[in-house]
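J.: Take a look at the following structure, please.
The values are calculated or read from the model by the stated rules, or taken from the named source; none is laboratory data. Everything numeric here is computed off the predicted structure, so don't read it as measured data. Counting neighbours? That spans all protein chains shown, and the Cβs are built from the backbone with ideal geometry, glycine included. Remember, those area values only see protein heavy atoms, side chains included, never the ligands or the DNA or RNA. Shrake-Rupley method; radii C 1.70, N 1.55, O 1.52, S 1.80 Å.
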Amino acid sequence: MTYEQIKLNLANMSALSPTATPKAALERIEQLEAALHKLAYWLDTDQEILDNMTAAERDDHIRMHKLALAALF
């Protein structure tokens with residue numbers, strides 16, 4: 001199941017649910033996705049900046065960028 005399908009299912013559940021839980025879950029997912037998009041954008045660094053990092057800093061930076069992208073897609 002894709003992330004989009006999960007969000008669609010939660011939206012459908014929220015329309016039919018007597019509780020606010022599905023809607024709250026969907027809103028939280030959207031907040032977290034927005035934060036991850038901002039992080040992924042910030043971590044998408046120019047090669048020149050990456051070249052000026054130490055090997056350990058660069059590796060950690062790239063690892064964090066890949067984590068954010070993997071969570072989003």
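J.: Under 9 Å by Cβ, and 6 or more places apart or on different chains, what pairs join a residue from the range 1-12 that is without any contact (Cβ under 8 Å) to a residue 40 or more places away in the chain with one that is assigned to a helix (DSSP H, G or I) and among the polar types (S, T, N, Q)?
T.: These pairs meet every condition: MET1/ASN9.
J.: For the range 52-73, enumerate the residues that are assigned to a helix (DSSP H, G or I) and β-branched (Val, Ile, Thr).
T.: ILE62
J.: Still on this structure: Return the residue satisfying two criteria in turn: it lies in the range 52-73 and is among the basic types (Lys, Arg) and over 12 Å from the mean Cα position of the chain (by Cα), and of such residues it is surrounded by the most Cβ atoms within 10 Å (Cβ to Cβ).
T.: ARG58
J.: Name the single residue, out of those in the range 9-51 being out of contact with any His (no Cβ under 7 Å at 6 or more places or on another chain) and part of a loop (DSSP other than H, G, I, E, B), that is most open to solvent (accessible area, probe 1.4 Å).
T.: Result: PRO18.
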